[in-house]
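J.: Right, I'll just put the structure down here and ask away after.
Any read-out appearing in this document is the output of simple, stated calculations on the displayed coordinates, not a laboratory observation. Since the structure is predicted, the reported quantities are computational estimates derived from the model, not experimental observations. Cβ atoms come from the backbone with ideal geometry, glycine included; neighbour counts cover every protein chain shown.
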Amino acid sequence: MAGLRAGEGVLRRKPIEHIEETEAGRGPRLERTLGLWQLTAIGVGGIIGAGIFTLAGAVANGTAGPAVLLSFLIAGVASAAAALSYAEFAGMIPKAGSAYTYGYAVLGELAGWDLLLEYTAIVAVVGIGISGYFSFLVNEMGADLPAWMLGAPGTGDGHRVDLFAALLCLLIAALLNLGIRNAARFETVVVVLKVAVVLLVIGVGVFHIRAAHYDPFFPFGVGGAFTGAATVFFAVFGYDAMSTAAEESKDAQRHMPKAIIYSLIISMVLYVAACLVLTGMQDYTDIDPESGFSTAFKSVGLTGLADVIAVGAIIGILTVMFTFMLGVTRVWFAMSRDGLLPRWFARTHPTRHVPTRVTWIVGAASAAIAGFLPIGEAAELTNIGILLAFVVVCTAVIVLRYRQPELPRSFRTPFMPVVPAVGVMFSIWLITFLQWQTWARFAVWFAVGLVVYFGYSYRRSALARASEDTGGTEDQRGS
């Protein structure tokens, strides 16, 4: 046909059987090397990190008090409902791209654009979060670093750039470019160390809990716990980015659903225990928003252990940066392979089989955000994007279950459609607690996406070309 009718592009869906064509060598491919426990480690690495070591203290101190425990549980319920939906898709569509690929297969071509910004911003936010523990260690050693390199402009006297956070972003990009096999080995080792530090915190801290610190439990009211949930949601969706590595899993249809569920269960148990320890060791008003656990242990005379925790926090949060940078590069790779972005980005390294071009671009972009923007605004922006991605995935799993019930599924979301519907409602509800400025920034980014889509992707996507060549199919037209 000479052109596409209005509305065809936005609603064009990529048939699931077409998604598997790259396995036959018709497009760029990623190397399948990850096993179940490596995938689980990537998931745990993405979930545990900034949530325990940074956000728990910040939310306890200024938003929820001891009820930060409930904040994590509320966020965990919403995340669990979405996780089960992700698990069904991951077993059915074991390809790179996560929410983008799932949404493309069910809802149309615009699904997933927001993930590019959100994942990149998460990498930056986590890098900034490490700086608090880095500053704690520097002060403990008696060193005095120049103020210009300790934070973004406006975050402190003399601050010009958060140099440490920016360099970390570039370091993670370099690590990912070594190849997924080597990077995953590093990730697994570091995750084991991180979990050991968290268990150390819980095991020692429990002996320094004072029940009086839990009273009042709701110093900011019940609403404070819900507002805190909207903030800490940042910390309970690492499996989302992990699912972008489905195409690099040895047996994705069996392993991805298990890895998603295992990583969330392990992480939530550790979150609950750590929150109980943190708010029990110190009154919520005394908790340091930036290096909560280190200062808590220092306050009870365990200075040496406080230093160990600070080192563990820095190492542990690195794995979150790894997981989300892995996620954004695989989403970008998948969109480029589908023709929604220039195919130049989809080219992989000839021997390492990783998208090196995209990885370095993401590394530079996240370094710029980490170096020059405050942490709070970026954190909320990431949350609105991920919550909307959860809405997309939970809606898509319901639609596809009724549209194509005959498709083979290695994992089936239980209590359909109640569980995914809960995920949709919880996600929308948590979004309402975010500030209007966050909505405005997201609207700007989405407008950029519309410009890119209608200016480039609309006629250049693989499905658009196929539609013009063959006259279109029912699935491609979205009917």
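J.: For the stretch 38-430, what is the charge dipole size about the Cα centre, in debye to the nearest 20, if Lys and Arg each add +1 at the Cβ and Asp and Glu each add -1 at the Cβ?
T.: The dipole of the stretch 38-430 has a size of about 1420 debye.
J.: Rounded to the nearest Å, what's the spacing between the alpha carbon centres of the stretch 313-332 and the stretch 392-460? Just the number, please.
T.: Cα centroid of the stretch 313-332 versus Cα centroid of the stretch 392-460: 22 Å apart.
J.: Is the chain rounded, prolate or oblate when judged by the Cα gyration tensor, a ≥ b ≥ c being the square roots of its eigenvalues, rounded requiring a/c under 1.5 and prolate requiring a/b larger than b/c?
T.: Details: a/c = 1.84, a/b = 1.63, b/c = 1.13.
Prolate.
J.: While we're on this one: Using the beta-carbon distance between K250 and W344 and R0 = 35 Å, what value does 1/(1 + (r/R0)^6) give for FRET efficiency, to the nearest 0.05? Walk me through the intermediate numbers first.
T.: Values: r = 29 Å, r/R0 = 0.83.
Using R0 = 35 Å, I get an efficiency of 0.75.
J.: Going by how many other beta carbons lie within 10 Å of each one, how would you line up F226, F53, fewest first?
T.: Numbers: F226 20, F53 33.
Starting with the residue having the fewest Cβ neighbours, the order is F226, F53.
J.: Sticking with this structure for a sec: Could you please rank F136, F218, placing first whichever residue has the fewest other Cβ atoms within 10 Å of its Cβ?
T.: Values: F136 22, F218 14.
Ordered from fewest to most neighbouring Cβ atoms within 10 Å, F136, F218 come out as F218, F136.
J.: Next question, about the same structure. Can you figure out the FRET efficiency of A143 with F433, using R₀ = 41 Å and their beta-carbon distance, to the nearest 0.05?
T.: On the way: r = 39 Å, r/R0 = 0.96.
According to the calculation, E is roughly 0.55.
J.: Please give, to one decimal in nm, the separation of the simple spin-label points placed at W37 and A447, each 7 Å out from Cα toward the Cβ.
T.: Distance between label points: 5.1 nm.
J.: Work out the count of Lys pairs in the chain where the Cα-Cα distance is under 18 Å, with the pair 8 or more places apart or on different chains.
T.: Working: K14/K95; K95/K250; K95/K258; K250/K258.
Lysine pairs, 8 or more places apart or on different chains, close enough: 4.
J.: Around G151, which amide H atoms from residues at least 5 apart in sequence, or from another chain, sit under 5 Å from its own amide H, with H modelled in the peptide plane?
T.: Amide H to amide H, under 5 Å and 5 or more residues apart or across chains, G151 pairs with R160, V161, D162, L163.
J.: Among Y453, I47, P408, pick out the residue whose Cα is farthest towards the positive end of the charge dipole of the chain, where Lys and Arg carry +1 and Asp and Glu carry -1 on C-beta, about the Cα centre.
T.: Most positive-ward Cα: P408.
J.: Grab the Cα-Cα distance for Y456 and A440, subtract it from 0.36 nm times how many residues apart they are, and report the gain in nm with one decimal. Write down the numbers at each step before the final one.
T.: Details: separation 16, 0.36 × 16 = 5.76 nm, distance 2.42 nm.
Difference between extended and current length: 3.3 nm.
J.: Can you give me the long-range amide H partners of L34? Hydrogens built in the peptide plane at 1.01 Å from N, cutoff under 5 Å, separation of 5 or more residues or another chain.
T.: Amide H neighbours of L34, under 5 Å, 5+ apart: S249, K250.
J.: Shifting gears a bit: Which of the helices in the chain meet the span-like rule: DSSP H, Cα axial reach of 15 Å or more, Kyte-Doolittle mean at least 0.0? Show your work: numbers first, answer last.
T.: Values: long enough: 36-47 (17 Å, 1.36); 68-92 (36 Å, 1.68); 114-140 (40 Å, 1.28); 163-176 (20 Å, 3.11); 180-205 (36 Å, 1.73); 222-232 (16 Å, 1.27); 252-281 (43 Å, 1.31); 303-337 (51 Å, 1.52); 356-372 (24 Å, 1.22); 375-403 (41 Å, 1.51); 418-431 (20 Å, 2.31); 436-452 (24 Å, 1.16).
Counting only whole DSSP H runs, the qualifying helices are 36-47, 68-92, 114-140, 163-176, 180-205, 222-232, 252-281, 303-337, 356-372, 375-403, 418-431, 436-452.
J.: Separation between the L199 and A368 pseudo-spin-labels, each 7 Å from Cα along Cα→Cβ, expressed in nm?
T.: Inter-label distance under the simple model: 4.3 nm.
J.: Along the charge dipole of the chain, pointing to its positive end and built from +1/-1 on Cβ of Lys, Arg, Asp and Glu, which listed residue (G142, M335, V422) has its Cα farthest out?
T.: Working it through, the farthest residue towards the positive pole turns out to be M335.
J.: Would you order D215, D338, D288 from fewest to most other beta-carbon atoms within 10 Å of each residue's own beta-carbon? Intermediate values should be presented prior to the final figure.
T.: Details: D215 10, D338 25, D288 18.
Least to most surrounded, the residues fall as D215, D288, D338.
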